[in-house]
Amino acid sequence: MVEAVLPNDANALGNMLGGRVMHLIDIAGALAAHRHSMSHVVTASVDSLDFRSPIRVGEFIILKSSVNRAFRTSMEVGVKVFSENILTGERKHTSSAYLTYVAIDLDGQPHPVPPLVPETEDDRRRYGEAGERRRLRLATRHKGLLPQP
Ligand SMILES: CC(C)(COP(=O)(O)OP(=O)(O)OC[C@H]1O[C@@H](n2cnc3c(N)ncnc32)[C@H](O)[C@@H]1OP(=O)(O)O)[C@@H](O)C(=O)NCCC(=O)NCCS
């Protein structure tokens, strides 16, 4: 996914807003999850996210997403974000994120997704690492939620 970074996306210093980057990450991730599951999906979680360098107004933001692993009803998707200087073509890796999407039916109920068969060495590495991340993620699930009044 490629977008031009416009003044409306940025703060007073001309750097793209973190929230805008997160919005695009969620959309790019959902596209991969949709295309794998051919279903409606919701975002169940986003792992930690670092912004390694700013993306400037006038640059392109490039987002690459892929399903790392499909579980029963959920999928881990990796999204890699780059900035690209439109005059020099210089590309910088600015963020990476792992998101979990759940396939849902029209009643909002989770339903099974097709398995993902890793084909390349990279696919197999991502598949294995996704299993370990899922274990940690589910172990801390809901830990950040405040108690209900
Ligand atoms: C995501 C959601 C559908 C899960 O519903 P649920 O009743 O907890 O369903 P289950 O316990 O059966 O879990 C379904 C799947 O979601 C996964 N899941 C649920 N919460 C998760 C979390 N916080 N992180 C990662 N995976 C999660 C489960 O591991 C399970 O995956 P699996 O079937 O592949 O093993 C539900 O919590 C929801 O609708 N949340 C709101 C989603 C939304 O609106 N997102 C937009 C941002 S606010």
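Might you check whether a residue that is more than 13 Å from the ligand (Cβ to nearest atom), among the β-branched types (Val, Ile, Thr) and in contact with a Phe, Trp or Tyr (Cβ under 7 Å, 6 or more places away or on another chain) occurs anywhere in the range 63-77?
no
Among the strands (runs of 3 or more DSSP E) confined wholly to the range 32-149, which include 2 or more residues that are in contact with a Cys (Cβ under 9 Å, 6 or more places away or on another chain) and acidic (Asp, Glu)?
none
Could you list, in sequence order, the residues of the range 93-149 that are among the basic types (Lys, Arg) and either surrounded by 10 or more Cβ atoms within 10 Å (Cβ to Cβ) or under 24 Å from residue 24 (Cα atoms) (or both)? Step through it out loud before you land on a result.
Taking the range 93-149 and keeping what is among the basic types (Lys, Arg), we get 124-126, 133-135, 137, 141, 143.
Scanning the range 93-149 gives 124, 125, 126, 133, 134, 137, 141.
Restricting to the range 115-149, and then to whatever is modelled with pLDDT of 95 or more and of a type in the set (Ser, Thr, Tyr), can you tell me which residue is farthest from the ligand (Cβ to nearest atom)?
Result: 120.
Can you find, within the range 23-47, the residue that is surrounded by the most Cβ atoms within 10 Å (Cβ to Cβ) among those that are farther than 15 Å from residue 66 by Cβ and more than 13 Å from the ligand (Cβ to nearest atom)?
Filtering first and then ranking leaves 24.
Confirm whether residue 20 is under 19 Å from residue 137 (Cβ atoms) and touching a helix residue (DSSP H, G or I) at 6+ places or on another chain (Cβ under 7 Å).
no
The values are calculated or read from the model by the stated rules, or taken from the named source; none is laboratory data. All values derive from a computational prediction rather than experimental measurement. When we count neighbours, we look across all protein chains shown, and the Cβ atoms used for this are built from the backbone with ideal geometry, even at glycine.
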